[in-house]
Amino acid sequence: METLENTPPEALTACELWRTHELVAHLTAGAIEISLNLEAALEGLPIPVTRSFEEREAPYREIADQRLRNELLASLERVSRVLHAILVEDPDAVVPWNGRSMVVATFVTHLRSELALHRWDLRGDDEIGFTLLSQPELTAHAVTVLGTVLVDQTVQWTKPAGSLIVGTLDAPSVVVSQDFNGRQLVFGDDDSDPTIVADTAARLLLLWGRMPNDPRRVSAPGGPSVLAELRALLSGY
C-alpha cells in the first residue's frame with residue numbers, strides 16, 4: 001500500500017499491458033475470490049466455482065481508481081479475517097479451488113507471494129523487494145504448491161536432457177523438468193551443476209516469469225540458449 005501511494009494509476013507495470021490500475025484490480029478480485037470460497041466453507045455452504053481472471057477482474061477495472069484502492073485494502077482485511085477464522089477452527093482445512101484441492105494455509109503464503117511480486121512489478125529492484133522476495137517460503141510455495149501451474153505446458157521443449165537447473169547460494173536448486181507426468185518444478189539435489197544461477201530474490205522472479213532489472217543478478221553457465229528456454233518455459237502466471 002505504501003508503494004501504491006507513490007504510483008499513479010496510469011503508470012505502466014512489469015505485467016505486460018497492465019497499468020497500476022489493472023494490477024490493483026487483479027489483486028482486489030483475487031482476494032475477494034478467495035474470501036468467497038473460504039466464507040462458504042466456514043459456513044458449511046456449497047463452495048462457489050472459481051471464476052476466471054477475466055470474469056472476476058473486469059468489474060473492478062471499471063471502478064474509479066481511489067475507490068479501487070480502498071476496495072483493495074478492504075479485500076485484504078476481509079480475506080485475512082476469514083483465513084484466521086477457518087485456520088483457528090481447523091489448521092489442516094482443505095477446500096476445492098480452481099479444479100483442485102487447496103490446503104487453506106497455503107492461501108496465506110500465496111497472498112504474500114502475490115503482494116511481494118506485484119510490488120516488484122510496480123517498483124522494480126530495491127532493497128525492500130529483495131528482502132520480501134528472498135523469503136524461502138515463497139520459493140517453496142512456487143515449487144511445491146504451484147509447480148506445474150508456473151511452467152508453460154504448450155511451448156516447445158528442446159533440451160534433450162529434459163531438465164533445467166536454477167541454482168542459488170546456500171539453498172536447494174530448483175529444477176524445471178519434463179517426464180511422463182508432464183512439466184513441473186521440483187527441488188533438486190546438490191550433485192548437479194546449475195545451468196542458471198541467480199540470487200534468491202531474482203530466482204523467484206524467474207520462476208514467476210520475470211527478470212530482475214539488473215541482469216547481472218542472473219548468470220547462465222549453461223549458455224544463452226538455456227536461459228532462453230528457461231524464460232520461455234517460465235513465461236508467467
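Look at (1) over 16 Å from the mean Cα position of the chain (by Cα); (2) surrounded by 13 or more Cβ atoms within 10 Å (Cβ to Cβ) and you find that C15 fails only one, number (1). Across segment 187-216, which residue is farthest from D125 (Cα to Cα) among those that are touching a residue at least 40 places away in the same chain (Cβ under 8 Å) and open to solvent by 50 Å² or more (accessible area, probe 1.4 Å)? Out of the qualifying residues, it is F187. Checked against the criterion of being under 20 Å from the mean Cα position of the chain (by Cα), under 24 Å from R112 (Cβ atoms), assigned to a loop (DSSP other than H, G, I, E, B) and of a type in the set (A, V, I, L, M), segment 209-217 contains one or more residues that satisfy it.
Residues that are within 18 Å of the chain's Cα centre (by Cα) and closer than 20 Å to A105 by Cα within segment 36-52 comprise just one, T50. For segment 75-125, a residue qualifies if it is outside any helix (DSSP H, G or I) and among the acidic types (D, E), and the qualifying residues are D90, D92, D125. In this structure, L138 does not qualify as open to solvent by less than 30 Å² (accessible area, probe 1.4 Å), out of contact with any Ser or Thr (no Cβ under 6 Å at 6 or more places or on another chain) and either touching a residue at least 60 places away in the same chain (Cβ under 8 Å) or on the phi < 0 side of the Ramachandran plot (or both). Against the conditions (1) at pLDDT 95 or above; (2) more than 20 Å from the chain's Cα centre (by Cα); (3) open to solvent by 20 Å² or more (accessible area, probe 1.4 Å), E55 satisfies every one except (2).
For the structure I just gave you, tell me whether F180 is open to solvent by 10 Å² or more (accessible area, probe 1.4 Å) and either free of Cβ contacts under 8 Å to residues at least 60 places away in the same chain or under 30 Å from A40 (Cα atoms) (or both).
Working: open to solvent by 10 Å² or more (accessible area, probe 1.4 Å): yes; either free of Cβ contacts under 8 Å to residues at least 60 places away in the same chain or under 30 Å from A40 (Cα atoms) (or both): yes.
Yes.
Within segment 145-160, residues that are of a type in the set (S, T, Y) have Cβ atoms under 8 Å from residues that are surrounded by 13 or more Cβ atoms within 10 Å (Cβ to Cβ) and not in a loop (DSSP other than H, G, I, E, B) in these pairs: T148/R183; T148/Q184; T148/L185; T158/E229, counting only partners at least 6 apart in sequence or on another chain. For segment 77-92, a residue qualifies if it is within 22 Å of the chain's Cα centre (by Cα) and either at pLDDT below 95 or surrounded by 17 or more Cβ atoms within 10 Å (Cβ to Cβ) (or both), and the qualifying residues are R78, V79, V82, L83. Within the span defined as segment 64-75, one or more residues are of a type in the set (S, T, N, Q), open to solvent by 80 Å² or more (accessible area, probe 1.4 Å) and without any contact (Cβ under 8 Å) to a residue 40 or more places away in the chain. Checking S173 against (1) over 17 Å from the mean Cα position of the chain (by Cα); (2) surrounded by fewer than 18 Cβ atoms within 10 Å (Cβ to Cβ); (3) of a type in the set (S, T, N, Q), only one condition comes out false. Which one? All conditions are met except number (2).
The values are calculated or read from the model by the stated rules, or taken from the named source; none is laboratory data. All of these numbers come straight from a predicted model, not from anything done at the bench. Note that we place each Cβ from the backbone using ideal geometry, even for glycine, and neighbour counts take in every protein chain shown. Heads up: the accessible areas ignore ligands, DNA and RNA and are worked out on the full protein's heavy atoms, side chains in. Shrake-Rupley method; radii C 1.70, N 1.55, O 1.52, S 1.80 Å.
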